[in-house]
Amino acid sequence: MINSKLPKVFYGGDYNPEQWDKDTWNEDTRMFKLAGIDTATINVFSWALNQPDENTYNFEWLDEIIDNLYRNGIFICLATSTGAHPAWMATKYPDVLRVDFEGRKHKFGMRHNSCPNSPTYRKYARRLAGKLAERYKDHPALVVWHVSNEFGGSCYCDNCAQAFRDWLIDRYKSLENLNSAWTTSFWGHTFTDWSQIVPPNALSEHFAPNRTNFQSISLDYARFNSDSLLACYLDEYEEIKKYTPDIPVTTNLMGAYKPLDYFKWANYLDVVSWDNYPAADTPVSLTAMRHDLMRGLKDGLPFMLMEQTPSQQNWQAYNSLKRPGVMRLWSYQAIARGADSSLFFQLRRSVGACEKYHGAVIEHAGHENTRVFRECAQLGRELQQLGDKFLDARVESRVGIVFDWDNWWAIEYSSGPTIDLKYVDEVHKYYQALYDLNIQTDLIGVDTDLSKYDIVIAPVLYMVKPGYASRLEKFVENGGTFLTTFFSGIVNETDKVTLGGYPGELRSLLGIWVEEIDALFPDQQNRIVMKQALDGLQGEYSCNLLCDLLNTEGAEVIAEYGTDFYQGRPVVTKNSFGQGHAWYVASSPDQDFLKGLMGHLAASRQIEPVLQTPNGVEVTRRTRDGRSFLFILNHNGQPETINLGNIQGVELISNKQVSKLLEIPAKGVLIVAHD
Ligand code: GLA
Ligand code: ZN
């Protein structure tokens, strides 16, 4: 349980009472109760109020609001308010200001704006977290700590440059090692003194944010930047833990957010939490994948949905309203995939600045007679009624898809063979095929234990880290099914090519070697021609993006290219290795092919879909103490019929016995509990 003080799905969200007078506070608590809200995330952006100058701290307003909320049955997710520094600090200590990618020193403004290696920022952020923890350590309202807000971005100032050098000394020990790792013999970039090393940005190695002359330098800077921000988080974490060792600490992550290696961060989060902001046209499978990635960060432990909008965002180009029922549906989607909270940004719409057009539980109208409020209140009632029924239940999967931030950075820094290769898109293609088949899947890191999986899929495993190839070999030797794709096994962790034929360290596992890689123009395709029909796969399919020209050395050819000068050469292979099999897909196939292939692999390992459902009806299973909770979510605009087969259970929202055929309304949700 996130916190046993509140044994239910936490419901509420970001609340900014500092923007309102006290009459409004009272009106807010009245409406929160009406909406079934029990959790408020406060103090997210109040540093200037908490510390109006260098030597003054003022928490009276916070005492008052926390007491007031608690009296009204609302628990507190307490933020530390270090996500934006105060103006006085920027003026007095310019080291808190970031230098951007273009080399421009920023002035005061924005948020998420502090240099992570600024001594001033670090000192005062740590101090503020400590003061808050000391003051509220025994407050009965406190259920979770929320450090800063959406850590992100990067800085290229002189303090960061120096910290980068220190980070490099720690990593490489000697300049010889560094020069070798970075291949600085290229273009005569050999460093003879650590002080010569500068951050890679538009003033040095980059010709665009994602285009660099030295991938290895840029890659190390990405790692360093993620570590620098993590160090800021850890400063506050340590302070908080001194006073409240038992209250969970988190910071709100952002799903597949590129700049931060969340697998590394998750080691220091007591509970993972994240902000889910899909656009109206985001595929629901992509949202599902982001939830699964967040769940995977801590090996499947329940996570928190820290933010979502009740209705619309303000920062997209076109901020469509969530259609009736969609907020509820997407809230349950998070819960279905392992969230034990459902929180909004924001509880009341602000009156000025850029988020005044961002949706809120309480709209500018200021009363409860709105569509959005009614929908929020309905969900609030349901979550109260569901109580702790499935809290802590796990989403168990036998299929794992590997996701690795270093690999992501390295792939997209690569100069060639194509600018169109987007790591998350390739991962999502495989994920989507499994999602469409209702096969529960985990997103796993390269440190995740593989032994509990039957199938491991590593789309574009370009970078193979030390020891990973042998762990994969062991997994397959012991009977596992492994699949990887084109542009895999190319480099080591410093982006140096593993010589002797791709896919380098994965070569014997896959029983192939790749000779050349062809890049296709966006309007070009090749064909995947099946050599023999597999269940669910026959005839021809299309593929695009990259085409590996490979030779087998032990692997069986499952399909061949259909056109071009490499027509007839293998495009899909399968290698027997120990008791298992290793598959290679040498190009980026269409969804029909992937769905067929994923179906074939799952069937070959006796992995059944959670349930057979009509297209557009998502289903997951959470389990706890031998009891199953089926979450059935109808994303379609019309009702659908679900066949429960021989499952007999109780639908928890309506509290009705269910079996066999079940109607689910358009955008509807069913939660079927059964033994
Ligand atoms: C983020 C932030 C919030 C708010 C929302 C708006 O998630 O954490 O403070 O700005 O975006 O969508
Ligand atoms: Zn800096």
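Annotations for the structure displayed:
- Residue ID - farthest from ligand 1 (Cβ to nearest atom), chosen from residues in region 273-288 that are hydrophobic (A, V, I, L, M, F, W, C) and out of contact with any Pro (no Cβ under 9 Å at 6 or more places or on another chain): Ala288
- Filter pass, Val497 being touching a strand residue (DSSP E or B) at 6+ places or on another chain (Cβ under 7 Å), on the phi < 0 side of the Ramachandran plot, free of Cβ contacts under 8 Å to residues at least 12 places away in the same chain and not assigned by TED's automatic domain parsing to the domain that holds Asp261: yes
- Under the condition of being under 19 Å from Tyr237 (Cβ atoms), aliphatic (A, V, I, L, M) and within 16 Å of ligand 1 (Cβ to nearest atom), the residues counted in region 104-162 number 2.
- Condition check for Asp299: in a loop (DSSP other than H, G, I, E, B), without any contact (Cβ under 8 Å) to a residue 24 or more places away in the chain and open to solvent by 50 Å² or more (accessible area, probe 1.4 Å): no
- Pairing residues of region 204-228 that are more than 16 Å from Trp408 (Cβ to Cβ) with residues that are among the hydroxyl-bearing types (Ser, Thr, Tyr), at Cβ distances under 8 Å and at least 6 apart in sequence or on separate chains, gives Glu205/Thr212; Glu205/Ser218; His206/Thr212; His206/Ser218; Asn213/Ser415; Phe214/Thr183; Phe214/Thr184.
- Contact map, region 268-286: residues that are open to solvent by 20 Å² or more (accessible area, probe 1.4 Å) paired with residues that are within 16 Å of ligand 1 (Cβ to nearest atom) and in a strand (DSSP E or B), Cβ distance under 8 Å, separation 6+ or inter-chain. Pairs shown: Asp270/Thr250; Tyr277/Glu307.
- Residues (within 13 Å of Gln612 (Cα to Cα) and over 31 Å from the mean Cα position of the chain (by Cα)) located in region 631-657: Thr641, Asn643, Leu644, Gly645, Asn646, Ile647
- Test: Tyr502 is farther than 18 Å from Val464 by Cα and not basic (Lys, Arg): no
- Any hit, region 168-179, residues being within 30 Å of the chain's Cα centre (by Cα) and over 20 Å from Arg223 (Cβ atoms): no
- Hits in region 441-497 (condition: of a type in the set (S, T, N, Q), within 22 Å of Val424 (Cβ to Cβ) and open to solvent by 10 Å² or more (accessible area, probe 1.4 Å)): Thr448
- Condition broken by Ala222, with the remaining ones in (1) assigned by TED's automatic domain parsing to the domain that holds Tyr156; (2) on the phi > 0 side of the Ramachandran plot satisfied: (2)
- There is at least one residue in region 324-346 that is open to solvent by less than 30 Å² (accessible area, probe 1.4 Å), more than 30 Å from Thr441 (Cα to Cα) and touching a Pro at 6+ places or on another chain (Cβ under 9 Å).
- Search result, residues across region 1-50 that are under 25 Å from the mean Cα position of the chain (by Cα) and among the polar types (S, T, N, Q): Asn3, Thr39, Thr41, Asn43
The values are calculated or read from the model by the stated rules, or taken from the named source; none is laboratory data. What you are looking at is a predicted structure, and each value in this text was computed from that prediction instead of being measured. A quick note on method: Cβ atoms are made from the backbone with ideal geometry, for glycine too, and the neighbour counts reach across all protein chains shown. To get the accessible areas, we keep the full protein, side chains included, count just its heavy atoms, and leave off ligands, DNA and RNA. Shrake-Rupley method; radii C 1.70, N 1.55, O 1.52, S 1.80 Å.
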